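Following: one structure in structure tokens, then a few remarks.
The values are calculated or read from the model by the stated rules, or taken from the named source; none is laboratory data. Here the structure is a predicted model, which is why all the values come from computation and not from measurement. All Cβ positions, even for glycine, are placed from backbone atoms using ideal geometry, and neighbour counts span all protein chains on display. Please note that ligands, DNA and RNA were not included when accessible areas were found on the heavy atoms of the full protein model with its side chains. Shrake-Rupley method; radii C 1.70, N 1.55, O 1.52, S 1.80 Å.
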Amino acid sequence: MTAHAKTALITGITGQDGGHLAPLLHDKGYNVYGIIRGQSNLKKERLLEEFPYVELIEADLLDPSSIIRAVEQSNPDEFYNLAAISHVGYSFKNPTLTLDTTARGVLNCLEAIRMTGRSDTTRFYQASTSEMYGGLDYNRPGLGYDESSLFHPRSPYGVAKLYGHWIAKNYRESYGIFVSCGILFNHEGERRGVEFVTRKITKAVARIHLGLQDNLELGDLWPKRDWGYAGDYVRGMWQMLQHHEPDDFVLATGEAHSIEEFLTQAFNEVGIDDWSPYVKRSQGLVRPAEVDILLGNPAKAEKTLGWKREVDFRGLVRLMVLHDIADGKTFQRANSVAQIAQPGE
Ligand code: NAP
Ligand code: G4F
């Protein structure tokens, strides 16, 4: 007798991690459902073009009844909650929306599992974050933050995520739901949104290299982040839900680099040693409170789950720059075809 194919429900399927997780689960034989919000047919068409095997369900984390419907329709063995207002800077400008989505949204998902009678059958992954630690001197362990480190969030996003983290743990303890929280440090890649600093840099570097852009504007360059590759991290999410018991796990590389180091490495990839003529500083991009240094200690995930990241810092920067150069060339070709096609010139 063949085992039944598992079913997964993913919120945030249009985001970076959703775009890595959907194919990973499909390749493992899962039926994959994805929650898509809004009224845009274009978004739906784009998603289905790339992932034709995904069953899309129109729902919104802000609307509890829509999440209940999504759970009933998909009847998931595994529910990955990746949706959030995830941009730290944006969360300062829209703190209430951040609270509703990034905090209350988690509760809506957990309640949907409980209220539809799936507490014993649906495993839940909560996308917790290293932003919960805050990166201040007093709570920063020498070997990096781990699962027992103190939290001190420094943004509306971090505070909302901390609620999500604790309500997820509370539903594990109260109702016995298999809930695992991945405390993930920054992870990047070719799917990263251009509003995040790494992708903003690699896209600009590629465009400067191709003569499509003159410079880029950045905020603070001294903060340090523990940057890994998103493809490695979604594998860890899946491993957490295959473990024999629910738990919390840090995923990180154990190395921290400043924005300045990322910038230098990215410009080096296109043969530019001195990036100063290309980089402008903008006070408008500086946050009301900054997270100084994030360094994670992934020892528990490595030992318990056998998780290991494969891409290192240099490899990450290179793959992003090369991807964005290829993208820029496609843009150039499309532009020159459009110019040739201009009538009457
Ligand atoms: P992302 O690219 O910003 O994607 C966020 C997703 O959330 C998008 O698909 C977005 O949909 C969806 N979303 C936002 N509001 C929603 C709502 N009201 N209802 C339903 N969906 C909604 O984020 P990511 O980088 O993939 O990260 C995935 C998760 O991990 C997030 O929860 C993030 O906070 C967390 N996390 C990320 C990192 C990292 O370094 N990437 C590290 C730690 C934790 P639309 O396309 O419709 O906007
Ligand atoms: O790329 P960022 O916006 O990522 P941040 O704030 O570290 O948050 C990301 O990682 C978290 C995990 O630690 C996730 F939970 C969260 O969802 C998100 O994915 O900014 C990184 C650093 C910050 O110190 C920021 O102040 O880069 C600095 N920075 C400097 N100039 C900039 C810019 N950040 C952005 N986004 N844009 C700039 O122009």
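Observations on the structure shown:
- Label point at Tyr90 placed 7 Å out along Cα→Cβ; residues across region 193-209 whose backbone nitrogen lies under 13 Å: 193-197
- Listed pairs Lys28/Lys203; Lys224/Lys300; Lys43/Lys308; Lys280/Lys329; Lys93/Lys161; Lys93/Lys280 exceeding 28 Å between Cα atoms: Lys28/Lys203; Lys43/Lys308
- Extents of the chain, taken as max minus min of Cα coordinates on every principal axis and listed largest first, are 63, 58, 42 Å.
- Summed over qualifying helices (DSSP H, 4 residues or more, each -39500 (n - 2.57)) and divided by its residue number, the chain shows a 222 nm mean residue ellipticity of -13000 deg cm²/dmol.
- Region 1-65 shape via C-alpha gyration tensor axes, a/c threshold 1.5: prolate
- Potential extension, Leu62-Glu195 segment - 0.36 nm per residue separation minus Cα distance: 45.6 nm
- Put simply, the Cα atoms of region 116-275 extend 57, 35, 26 Å along their principal axes, the longest span coming first.
- The simple spin-label model puts a point 7 Å past each Cα toward its Cβ; for Glu147 and Thr330 those points are separated by 4.0 nm.
- Among 317-326, 89-98, the order from most to least packed when residues are scored by Cβ within 10 Å on average: 317-326, 89-98
- Long-range amide H partners of Glu147 with built H, under 5 Å: Val250
- Solvent-accessible heavy-atom area per residue, rounded to whole Å², over region 119-223 at 1.4 Å: 39 Å²
- Against the chain, whose longest principal axis comes from its Cα atoms, helix 64-74 is set at around 80 degrees.
- The fraction of accessible area contributed by carbon and sulfur in the chain is 49 percent, rounded to a whole number (1.4 Å probe; ligands and nucleic acids excluded).
- Total charge dipole magnitude, region 189-345, about the Cα centre, Cβ charges on Lys, Arg, Asp, Glu only, Debye to nearest 20: 320 debye
- Extended-chain gain in nm, criterion 0.36 nm per residue less alpha-carbon gap, Lys43 and Trp222: 60.8 nm
- Percent RCO, i.e. relative contact order, over region 205-338, from Cα pairs under 8 Å lying at least 6 residues apart: 41 percent
- Along region 194-203 the Karplus relation, 6.51 cos²θ - 1.76 cosθ + 1.60 evaluated at θ = phi - 60°, assigns HN-Hα couplings of 6, 7, 9, 5, 5, 6, 4, 5, 5, 5 Hz to successive residues, with x for each Gly and Pro.
- Charged side chains reduced to their Cβ positions (Lys and Arg at +1, Asp and Glu at -1) give the chain a dipole of some 280 debye around its Cα centre.
- For Lys169, the aspartates and glutamates whose Cα comes closer than 17 Å to its Cα, not counting residues fewer than 8 places off in the same chain, are Glu78, Glu111, Asp120, Asp146, Glu147, Glu245, Asp247, Asp248.
- Residues of region 205-230 falling in the label zone of Tyr278, defined by backbone nitrogen less than 19 Å from a point 7 Å along Cα to beta-carbon, are 205-222.
- Arg104 contributes an accessible area of around 130 Å² to the protein surface, as traced by a 1.4 Å probe with all chains present.
- Rounded to whole numbers, the Karplus 3J(HN,Hα) couplings from phi for region 317-329 are 4, 5, 5, 6, 5, 5, 4, 6, 5, 4, 4, x, 5 Hz, using 6.51 cos²θ - 1.76 cosθ + 1.60 with θ = phi - 60°, and x at Gly and Pro.
- Between Ala299 and Asp137, the modelled label-to-label distance comes to 2.5 nm, taking each label 7 Å out from Cα in the direction of the beta carbon.
- Taking θ as phi - 60° and the Karplus parameters 6.51, -1.76 and 1.60, the scalar couplings of region 285-291 work out to 9, 7, 8, x, 9, 10, 9 Hz in sequence order, x denoting glycine and proline.
- Here's the picture: charge each Lys and Arg Cβ at +1 and each Asp and Glu Cβ at -1 in the chain, and of Val197, Ser148, Gly19 the one pushed furthest to the positive end of that dipole is Gly19.
- Each peptide in 280-286, 10-16 was scored by the mean count of other Cβ atoms within 10 Å over its residues; highest first, the order is 10-16, 280-286.
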